[in-house]
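Peer 1: To start, I am sharing the structure in question, which I have written as structure tokens.
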Amino acid sequence: MVRLRVEFTTEPFDLDRPPPHAVVARDVVQTAGLDHVDVGPFGNTAEGGAEAVLAAVGELLRRSISAGATRVSLQVNVLDAPDATPGTGR
């Protein structure tokens, strides 16, 4: 099974309280059935099977933009894949 890690942030930032788009993004990853979720004020990380992570990313983009995000930055890493060359994901 291919496992993925997604790291993401939503903007604009508000350090006094989480803006609605950040709350929505947090809720999406926390309810997506992923193996590991770490939510913080400057970045968020979630890990799980490829299908679950990709579904969560799609939902995160749709819902956080609808909730007012003007920018969503994300990075997706392949943690392990069948027949992958170590360290390359290929």
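The values are calculated or read from the model by the stated rules, or taken from the named source; none is laboratory data. Quick caveat, the model's predicted, so the values are computed rather than measured. Ideal geometry is used to build each Cβ from the backbone, glycine not excepted, and the neighbour counts take in all protein chains shown. Keep in mind that these areas ignore ligands, DNA and RNA; they rest on the heavy atoms of the full protein, side chains included. Shrake-Rupley method; radii C 1.70, N 1.55, O 1.52, S 1.80 Å.
Peer 1: Just to be sure before I move on: is residue 39 at pLDDT below 95 and in contact with a helix residue (DSSP H, G or I) (Cβ under 6 Å, 6 or more places away or on another chain) in the structure I sent?
Peer 2: yes
Peer 1: Among (1) closer than 16 Å to residue 22 by Cβ; (2) open to solvent by 30 Å² or more (accessible area, probe 1.4 Å); (3) part of a loop (DSSP other than H, G, I, E, B), which single condition is residue 65 missing?
Peer 2: Unmet for residue 65, out of (1) closer than 16 Å to residue 22 by Cβ; (2) open to solvent by 30 Å² or more (accessible area, probe 1.4 Å); (3) part of a loop (DSSP other than H, G, I, E, B): (3).
Peer 1: Filter the stretch 15-67 down to residues that are of a type in the set (S, T, N, Q) and within 11 Å of the chain's Cα centre (by Cα) and give me whichever is farthest from residue 5 (Cα to Cα).
Peer 2: 30
Peer 1: Does residue 17 satisfy the criteria of being modelled with pLDDT under 95, loosely packed, with under 12 Cβ neighbours inside 10 Å and basic (Lys, Arg)?
Peer 2: Answer is yes for this residue.
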